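What follows is a single structure, written as structure tokens, with notes after it.
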Amino acid sequence: ILSGFADEASKELDGQIAALKRNGMSYFEPRGIDGKNISDFTVEEAKALKEKLDAEGIKVSSIGSPFGKIEIDEDFEPHFEKFKNTVEVAKILEAKYIRMFCFFFTKGQSFEEKREEVLRRVKTLADYSAQHGVYCCLENEKDIYGDTDDRNLEVLRHCAPNLYAIVDPANYIQCGVDPLKAYEKVAGFVKYLHVKDAYFENGEVVPAGKG
């Protein structure tokens, strides 16, 4: 299935649908829609969105959420409560997956000291969504616990079988990690891939195949 972040074509839903159709795509990963992140949608708003997508023949491949994109020292409980609502949104949109991350370490926190808290938080999210028939997919992002292939694999193994992987090759490149070697390490957990490329020299994102 070829899907994409249609909000990179337009901020407005109508523009996103038009872009998908121009490119012959019938799936997308909702993230920003009409100035609002998908994680901020209410159940009623999700129902209205589903009705419009159905009318346009567009389906949802995964929820492009920002869960796990808070500092590891930030309060987790409000984050978790918001996540529970997004699981309901995913069910309404018939999305099997929710993209997530494993917490920022941009303030110089120790990876080792916070390791157990990262694992607890990710497992809490992954287990909850799995209980409701929706599965979390962990993306390798810069400055999070799982930005390297080894730490990413550690989180995936700890949360198995309720957590899958998303491989973003450009993010690995920006962290100095060989994306092919990283893919080979986490291949058994991979649910989908980002088509994305970058230069090792400076981390600049470039068209696929040009990095």
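The values are calculated or read from the model by the stated rules, or taken from the named source; none is laboratory data. Given the structure is predicted, the values throughout are model-derived calculations rather than measurements. For neighbour counting, all protein chains shown are included, and Cβ atoms are generated from backbone atoms with ideal geometry for every residue, glycine included. To get the accessible areas, we keep the full protein, side chains included, count just its heavy atoms, and leave off ligands, DNA and RNA. Shrake-Rupley method; radii C 1.70, N 1.55, O 1.52, S 1.80 Å.
Surface exposure of the range 1-134, expressed per residue as accessible area with a 1.4 Å probe, stands at 49 Å². Modelled spin-label separation between ILE1 and LYS91, with each label point placed 7 Å from Cα along the Cα-to-Cβ direction: 1.9 nm.
Can you pull out the GluC sites (Glu not before Pro) in the range 124-211 that DSSP calls coil and that have at most 15 other Cβ atoms within 10 Å?
GLU201, GLU204
Relative contact order for the range 92-191: 28 percent, from Cα pairs under 8 Å spaced at least 6 residues apart, divided by residue count. Can you say what percent of the DSSP beta bridges in the chain, counting only those with both residues inside, are antiparallel? Round to 5. Rounded to the nearest five, the antiparallel share is 25 percent. Note on ILE70 and HIS132: with the Förster distance fixed at 22 Å, the Cβ-Cβ geometry gives a FRET efficiency of about 0.50.
In the complete set of protein chains, residue-level accessible area for PHE76 is approximately 10 Å², probe 1.4 angstrom. For the set LYS114/LYS210; LYS52/LYS210; LYS82/LYS107, the pairs lying more than 31 angstrom apart at their alpha carbons are LYS114/LYS210; LYS52/LYS210.
The separation of the range 40-82 from the range 1-34, counted between C-alpha centres, amounts to 15 Å. Solvent-accessible surface of the range 146-196, taken per residue with a 1.4 Å probe and all protein chains present: 45 Å². Excluding same-chain neighbours fewer than eight residues apart, the aspartates and glutamates reachable from LYS11 by a Cα-Cα span under 20 Å are GLU29, ASP34, ASP40, GLU45, GLU51, ASP54, GLU56.
Taking label points 7 Å from Cα along the Cα-to-Cβ direction, ASN37 and TYR183 give a separation of 2.9 nm. FRET efficiency for the GLU77 to SER110 pair, using the beta carbon distance and R₀ = 30 Å, is estimated at 0.85. Using a cutoff of 8 angstrom between alpha carbon atoms and counting only pairs six or more residues apart, the relative contact order for the range 46-127 works out to 40 percent.
Be a star and scan the range 1-40 for residues whose amide nitrogen sits under 20 Å from the point 7 Å along the Cα-to-Cβ vector of LYS142. The answer is 5, 8, whose backbone nitrogens lie closer than 20 Å to the label point. For the range 95-154, the relative contact order is 49 percent, taking Cα pairs closer than 8 Å that sit 6 or more residues apart in sequence and dividing their mean separation by the residue count. Shown for the chain: the carbon plus sulfur share of the solvent-accessible area, taken with all protein chains present and a 1.4 angstrom probe, equals 48%.
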